[in-house]
Every structure is written in C-alpha cells, then in structure tokens.
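The values are calculated or read from the model by the stated rules, or taken from the named source; none is laboratory data. Please read all numbers here as calculations on a predicted model, not as lab measurements. Virtual Cβ from ideal backbone geometry, glycine too; neighbours counted across all protein chains shown.
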Protein chains: 2
Amino acid sequence: MSSLTTPTHITNMKIVNTISEMQKLSDELRKTKRIGFVPTMGYLHEGHMSLIRKAKELGDITVASIFVNPIQFGPQEDLAKYPRDFKRDAALLKKEKTDIIFHPFTEDMYSHDFSTYVEVERLEDFLCGKTRAGHFVGVATVVTKLFNIVKPHFAVFGQKDFQQLVIIEKMVRDLNMDIEIIGHPTVREHDGLAMSSRNTYLSKSERDKALLINRSLKKAERLFLEGERRTATLKKEVEGVLRQKEGINIEYIEICDSHTFEDLDTIKNRAVLAIACRIGKTRLIDNTILTEA
Amino acid sequence: MSSLTTPTHITNMKIVNTISEMQKLSDELRKTKRIGFVPTMGYLHEGHMSLIRKAKELGDITVASIFVNPIQFGPQEDLAKYPRDFKRDAALLKKEKTDIIFHPFTEDMYSHDFSTYVEVERLEDFLCGKTRAGHFVGVATVVTKLFNIVKPHFAVFGQKDFQQLVIIEKMVRDLNMDIEIIGHPTVREHDGLAMSSRNTYLSKSERDKALLINRSLKKAERLFLEGERRTATLKKEVEGVLRQKEGINIEYIEICDSHTFEDLDTIKNRAVLAIACRIGKTRLIDNTILTEA
C-alpha cells in the first residue's frame, strides 16, 4: 500500500507529556473542533477501545489519557503492581486512530505540597466507597484535573465502574463543568467476564471462578424479567450462584437506586445490582441495571 | 453629546442570568478574545472598581459576577442581611465599561441535592479558617463553579481577602485550572480604612474605632522597617494600638508565612500580618505584607 493512502490520523498520533502543552493544544483545537476524551489508567483492553470508538463517533478529536492515579489507591491496594505497558497501549490507541495521548508524569500531576481535593458527598458512602475510603475523592480530584488539562467537550466512561460514572456525572453537574458525560456499556469477554485491567492478575482457576459473577447477574436479570421485585430475594439468588465455587470472597451484593445509591426493599422502575468480590488477591466488580423494558 | 460618540461598551453591557448562556457566550468569546473575570458578592465599592479596571487593562473582555454565595456563610453569619443592590452595582459596572455581568439565581447555582465540594486542605486551617469553619470550602467551591461557567483566561482578586487569594492560587495550581490569578492591592478610604461591603454596617462611632485597624498595621510596618523582626513584639504593638479604644474585639492578630500561613517567631524575608476583629456586630479584616524592600 502506498504511503499516500495511509490515513493521516495513524501517522500523526501525538503524545503529550506536559500539562501546559496539552492545555495550549486543547485551547487551540477547541476553536474549531469538538474534543472527546477517554481518561484511562492504561493497560488497555477492548473495553477501553470501545470508549475510544464512541468518542471518535461523537467528536472531531479524540484524546486518551494514560495515568495511573496514585491518590485513588488505598495504602493496602495495588498501586505498585498495577499493570503498566505504555508501548502496547500507544500501539492499540494508534490502531484506533486516537489523535492525542496525554501521558503526564506523576510528579507533575501531584506536587510535593498538593492539598486540594474534590469530594462528592453522600454518593461516595455507598457500594465501593464503604471499603475503599478516599477512593472516590481521588477519582473526582484526578478527573477534575484531567478535565482542566484536556478541556474536552465530552468524556466517555465505562458503565463497568458504575459508581464512578454516577459520581462523575454528579460532580460535573454540581460544579458546572461544561462537559457532557457519556456512559458506555460494559464490554465482556466471549464468556461474559467483564473486561478489566485487573483480569490479568487472575490465575486460570481464579478466572473460572470469576465467571460466576456475570452468571449471577444474568440470573438476577432473568428473575427480574419474570417479575421478582424483592431485593432480598434477588440478592439471595445472586449469592447462591457466587457460592457455587469456593474462594469467592463477597465484599457486597447491593441492589439500590441507580442515582442516589440508596438501598431498596423492592424495585419500582429501575435499580442497579452491583457486586464487588475478591478472588485470591484480585478485587473484581460488575453490575447490571434492572429496569422495566 | 451625540450618540455617535457614546462608546459602544457603555450601551452594550450584557447581563447574563443563566449558566448555560454564560458558558456558550464565553466559549464563543474565547476563540478570539482574552477574558478577564472579577467575581464579587455585589454591593460594590471602589475596591471592586479597581479590580475591574485591572481586568480591563489586562484583557479584551471583562466579566464581573454578582452572587452572594450562601455556602460560604456560617449559620451564625450575616447571609440574610448581607447588603444587596443590583441596580446600583450594574450602574457602577456600566460606568467602568464592564462588558458582561453574570448574575445567576441561587437555585440555579445550588440544586436541592447539591453535594460536591472543593477543599484546599491545610491553608484553610489558619487565620479566618479557625473561626469560620467551612468558609473556605464554600469559597473554593463557588469559585470553581464560577470559573467553569465564565471560563476566563485570568481572574482578579483583592489582597484584602489575603487568605482567600492564597487559597484560590493554591486551588488553581493543584487542580490545573488554566487561569491566571491576579492579586490586586487593597483599596482604602481617604482615612485608611480598607474598603469592604461590610463597612456599611458600621455606625459613626464604630467607624472611628475601625480606623485603628489600619493604624495598627502602619505601626507594625514602621517597626518592621526600623528592623524589628520578632513577631511577638510586633503583635504586641499591634494589639496596643487596637486597645486604644474600647469595643474592638480582636479575633486574631497573626504574623505568618505568606504562602503556608505557618506561624513565625521571627520574620526572615516576608510575612503577612493579618488582623480580624469585631466592632459591634461587624467583622472586619485587614492585612499587610511585611517584606524587605
């Protein structure tokens, strides 16, 4: 194939490392282009790629950030061993014709005297917030920073991190950030396991156990479709599936309002069923929306 | 004077009440103009006017906001009686050729379920933060909101609210807001009293007492120039001046690092001397920078 036919997107993907360069570039681009943004912690998989494709569909310029955000990890969590492979990530993003990768240095993002935090109160107290203290403050803070740096018109987030998505939507609304937040459906492996960078931690037998998570969600969806509205019953059924194999440590099974995360006894119109569990040392989350058709 | 000679600025000052209109307008203006912003709580005085003039000098378009921010007032504070006079404010801003007034409704700025806050940790624990719990969270939060709405290139703040200025500077740096913060010197009445919307609360005899605040700062400045570097001595002298009349309730007299607000025993190069006191029911603050020439 002659070089003349090579799309310019592919040859021109730009990698930006400094905050001020990214801000200048975005300021200039915003004058004529609609900027879509996909923030990631790298170690990309098909789930991320679907977010990139969504952004490309909706905007003129697609920016992906790759930044493992230290302040959203607890002291006992997997920051140090969180998987990283920038070269591989850059190749994947190039293949999808991403226009810009923003890949900042940690010491530029967090100065030694960093002390400003964004907190979405209440929503952070439920679900994952119960066991991951400070996690969502870390997420809201870094997303605010990235939004101020990348200056997108819209940003695409996966629904796998459902609580994160709802918290970001609330933050954007409360703080009047002029950015549209797009939630994008969870992408799954052929066998139903939700895509996650953390899946790489799983041994073969752990991965087999992990399949029960999606299977338990499917069971709840079926029962809901058949008319079951009592959350206690649905949760018991989900737990039953997760207990089919040993070695799944359930952190929570919750069925709650999909906007406020408040507990429900019975489902009226719409609820989120969310699961967090640990298999070996790996923490996995998944969810489904239970809603009248 | 014929209408042909009327500057278009004067006839064209725009008043914007809705958040989305302001955002659209700013997005458009940013393509070709440099936007300067002066956030205020209204009841404008010469101090505000000097901020407007500074903004006009540095930018192409000057936006002033008028919004009495409820979340920066404590439950025992003067929110309800805080002075308001939009017509007068608008006339003053028009005279200075302000381009746009952003004057939002409180219920648009704070929805019933508002719950996202910006906190600049540490800096809020000193000085006014000691007695006004939550005040600076309220300030940082509303300034973040206003920045996201007005989208300025720079914003001008008075140095009279010194702690506020330093906290905003820190917030902008930590959260990578792409906005230049300009501190502007305190404007004083002919007799030295720092301009403040709250001066309007003072009776004649209270106003006389209030003069001692600036006089005490002047005394400290003179002693500093003469070589005094011990903060205990300087504070004692300041207190001596404030005690010359009865009825000044001193909340604090502090001499501290002008960036971190940490207490100093002796001044090395630069410090802020800050005073807060109550005269009758009115709380007044003032400050001066003690620095080697």
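A few points about this structure:
- Look at (1) in a helix (DSSP H, G or I); (2) more than 26 Å from the chain's Cα centre (by Cα); (3) loosely packed, with under 13 Cβ neighbours inside 10 Å and you find that A:Gly227 fails only one, number (1).
- Selection status of A:Ile213, farther than 22 Å from A:Tyr43 by Cβ and in contact (Cβ under 8 Å) with a residue 24 or more places away in the chain: no
- Residue within the stretch A:238-245 that is over 25 Å from the mean Cα position of the chain (by Cα), touching a residue at least 24 places away in the same chain (Cβ under 8 Å), part of a loop (DSSP other than H, G, I, E, B) and not assigned by TED's automatic domain parsing to the domain that holds A:Pro83 present: yes
- Flag if A:Leu51 is at pLDDT 95 or above and closer than 30 Å to A:Ala194 by Cα: yes
- Where a residue in the stretch B:175-197 is on the phi > 0 side of the Ramachandran plot and its partner, wherever it lies, is among the hydroxyl-bearing types (Ser, Thr, Tyr), with Cβ under 9 Å and at least six apart: B:Asn176/A:Thr144
- For B:Met13, the requirement of being more than 20 Å from B:Lys145 (Cα to Cα) and either modelled with pLDDT of 95 or more or touching a strand residue (DSSP E or B) at 6+ places or on another chain (Cβ under 9 Å) (or both) is met.
- Residues being surrounded by 14 or more Cβ atoms within 10 Å (Cβ to Cβ) and farther than 20 Å from A:Arg53 by Cβ - total across the stretch A:30-40: 1
- Single residue of the stretch B:258-272 satisfying the filter (touching a residue at least 60 places away in the same chain (Cβ under 8 Å) and touching a Cys at 6+ places or on another chain (Cβ under 7 Å)) that is farthest from B:Leu212 (Cα to Cα): B:Glu262
- Checking A:Gln164, A:Gln159 one by one, the residue that is more than 13 Å from every other protein chain (Cβ to nearest Cβ), within 26 Å of A:Gln23 (Cα to Cα), touching a residue at least 24 places away in the same chain (Cβ under 8 Å) and of a type in the set (S, T, N, Q) is A:Gln164 and no other.
Residues checked against (1) among the aromatic types (Phe, Trp, Tyr); (2) under 17 Å from the mean Cα position of the chain (by Cα); (3) not assigned by TED's automatic domain parsing to the domain that holds A:Thr18:
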residue: A:Gln76; (1), (2), (3): no, no, no
residue: A:Tyr82; (1), (2), (3): yes, yes, no
residue: A:Phe86; (1), (2), (3): yes, no, no
residue: A:Ala91; (1), (2), (3): no, no, no
residue: A:Lys97; (1), (2), (3): no, no, no
residue: A:Ile101; (1), (2), (3): no, no, no
residue: A:Thr106; (1), (2), (3): no, no, no
residue: A:His112; (1), (2), (3): no, no, no
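- Count of residues meeting criterion [without any contact (Cβ under 8 Å) to a residue 60 or more places away in the chain and either more than 15 Å from A:Phe105 (Cβ to Cβ) or part of a strand (DSSP E or B) (or both)] in the stretch A:56-73: 7
- A:Glu221 being touching a residue at least 40 places away in the same chain (Cβ under 8 Å), in a helix (DSSP H, G or I) and closer than 17 Å to A:Leu264 by Cα: yes
- Residue count, the stretch A:176-207 (criterion: surrounded by 15 or more Cβ atoms within 10 Å (Cβ to Cβ), acidic (Asp, Glu) and not assigned by TED's automatic domain parsing to the domain that holds A:Ile52): 2
- Every residue from the stretch B:41-53 that is over 30 Å from B:Lys130 (Cα atoms) and either surrounded by 21 or more Cβ atoms within 10 Å (Cβ to Cβ) or of a type in the set (Val, Ile, Thr) (or both): B:Ile52
- All positions within the stretch B:184-212 that are out of contact with any Lys or Arg (no Cβ under 8 Å at 6 or more places or on another chain) and under 18 Å from B:Ala271 (Cβ atoms): B:Pro185
- Some residue of the stretch A:73-87 being buried (at least 17 other Cβ atoms within 10 Å of the Cβ) and more than 13 Å from chain B (Cβ to nearest Cβ): yes
- Out of A:Ile275, A:Ile255, sole residue that is in contact with a strand residue (DSSP E or B) (Cβ under 8 Å, 6 or more places away or on another chain) and either in a loop (DSSP other than H, G, I, E, B) or touching a residue at least 60 places away in the same chain (Cβ under 8 Å) (or both): A:Ile275
- Test: residue in the stretch A:174-194 that is in a helix (DSSP H, G or I) and within 14 Å of another protein chain (Cβ to nearest Cβ): yes
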